[in-house]
1. How far, in nm, would the chain grow between Asn175 and Glu78 when pulled straight, counting 0.36 nm per residue and subtracting the alpha carbon separation?
2. Sort out for me the Cα centre separation of segment 303-331 from segment 125-194, rounded to whole Å.
3. Using a Förster distance of 41 angstrom, determine the FRET efficiency expected from the C-beta separation of Asp245 and Phe33, and round it to 0.05.
4. I'd like the accessible area for Asp305: 1.4 Å probe, protein heavy atoms, all chains in place, Å² to the nearest 10.
5. Per-residue counts of other Cβ atoms within 10 Å, averaged by peptide: what ranking do you get for 182-190, 149-157, 84-92, highest first?
6. With Cβ to Cβ distances under 11 Å as the rule, what net charge do the other residues near Leu156 carry (K, R +1; D, E -1)?
7. Summing Lys, Arg as +1 and Asp, Glu as -1, what charge do residues with Cβ under 9 Å from the Cβ of Pro59 carry, Pro59 excluded?
8. Please report the net charge: other residues with Cβ closer than 12 Å to the Cβ of Glu69, K and R +1, D and E -1.
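The values are calculated or read from the model by the stated rules, or taken from the named source; none is laboratory data. Just so we're clear, the structure is a prediction, and the values are computed from it rather than from any experiment. Every residue, glycine as well, gets a Cβ built from its backbone with ideal geometry; the counts of neighbours run over all protein chains shown. Protein only, heavy atoms only, side chains kept; ligands, DNA and RNA dropped before computing areas. Shrake-Rupley method; radii C 1.70, N 1.55, O 1.52, S 1.80 Å.
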Amino acid sequence: MTRRCWRCCTRRRFSPELYSPLKASEPMIRFCFITGITKFSQLSIFSTINNLKNVTLLPQFSAICGITEEELVTDMAEDIRRMSEKFECTPEVMHAMLKAKYDGYHFSEDSPEVYNPFSLMNAFGDKKLSNYWFSSGTPSFLIRQMQHFRTDITTLEKMEVPSTAFDKPTEAMTNALPLLYQSGYLTIKDYDRPSQLYTLSIPNQEVRIGFVDGLMPTYIGLEGFDVQAGFAVRFWRALCKRDIDQAMQEMKAYLAGIPYVEGFQKKLAEAKNYEGFYEYTFYLIFTMLNVYARTQVKCAGGRIDFVVQMPDTVYVFELKVSGTAREALDQINSKGYALPYGTDSRAVVKVGVQFDRDTMTVGEYIVER
């Protein structure tokens with residue numbers, strides 16, 4: 001049996017001696033539940049105990065290791081009320097904040113939404129909305145595996161895959177997806193029965209911010225707190241005021257200060273000529289701002305480089321390295337990239353951005369509201 005562990009661990013080897021006593025004691029054992037992070041094939045390590053049943057994706061076990069919505073609003077209603085007093089808001093608003101921060105896990109196609117129990121209990125105890133699961137940081141082993149398999153981090157917001165892509169033994173991995181799912185960085189968000197495809201995504205705010213904070217030093221060479229403490233505040237305020245000129249000036253200054261990271265293999269080695277580097281940078285920055293941002297968004301006319309959705313504004317970005325800002329904006333218009341948001345009550349701002357190959361920052365940009 002395997003089930004996701006709520007505290008990340010990089011232990012990859014199991015001792016056969018752990019299972020030998022279980023096999024010998026089988027007549028005396030009525031029920032045994034084994035939980036961990038990574039899935040291992042029975043052939044390689046379960047030779048001494050080969051009668052286990054994998055319940056990872058079975059709906060009847062999908063809420064066994066977490067706190068459901070029903071449990072939260074009934075058994076923990078008083079905890080929500082007390083915490084709302086600390087935050088000087090209504091219990092309903094407090095509930096919504098807890099949900100966005102710690103909810104969102106699904107462990108089967110028919111799973112209820114499950115809250116991270118470790119973080120939720122700490123939040124109630126401290127009366128704070130902190131990133132408890134990531135207090136020790138994103139594990140270096142996971143980052144190394146993502147680098148080894150050249151994981152495109154911008155695809156993690158939404159992935160449609162069969163169960164065989166993520167529910168497989170660690171030793172059979174051909175990409176980092178099984179490890180990302182089995183360690184809780186991705187979870188099931190939807191399931192299409194006709195095609196039997198699962199939609200995987202990052203579970204919640206806590207995972208998204210903590211995960212990106214661990215990725216930033218490797219992918220763009222800066223610590224997450226450097227982004228949040230200085231540039232992020234100014235950039236966020238400019239976007240809130242729809243002052244795209246000020247926002248882009250802040251972005252230009254920020255990108256100019258990012259050191260070149262030699263260790264990011266092929267993608268950063270080609271950064272001066274590769275638009276994906278800037279997509280990564282935009283994605284990581286906006287995620288640290290807790291802003292909903294997506295790259296390579298599919299639409300009828302093609303793929304939009306970058307879409308940022310804020311409470312009152314939708315920003316549609318097209319990025320160019322081998323081209324001009326005018327060409328980028330013309331592409332937005334000619335391919336109808338903004339049309340999917342035409343019925344949205346929010347303002348739509350189109351931005352064509354050209355990056356300078358030598359300075360690796362914003363060269364020019366054109367805005368159309």
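1. Details: separation 97, 0.36 × 97 = 34.92 nm, distance 4.39 nm.
Net length gain for the segment: 30.5 nm.
2. Comparing the Cα centres of segment 303-331 and segment 125-194, I get a distance of 28 Å.
3. On the way: r = 58 Å, r/R0 = 1.42.
Between Asp245 and Phe33 the formula returns 0.10.
4. 10
5. Details: 182-190: 21.2, 149-157: 16.6, 84-92: 12.7.
Highest-to-lowest ranking by the protection proxy: 182-190, 149-157, 84-92.
6. Numbers: positive: Lys158, Arg208, Arg294; negative: Asp152, Glu157.
Charge balance near Leu156 sits at +1.
7. Here the charged neighbours net out to -2.
8. Working: positive: Lys99; negative: Glu70, Glu71, Asp75, Asp103, Glu113.
Around Glu69, the surrounding residues sum to -4.
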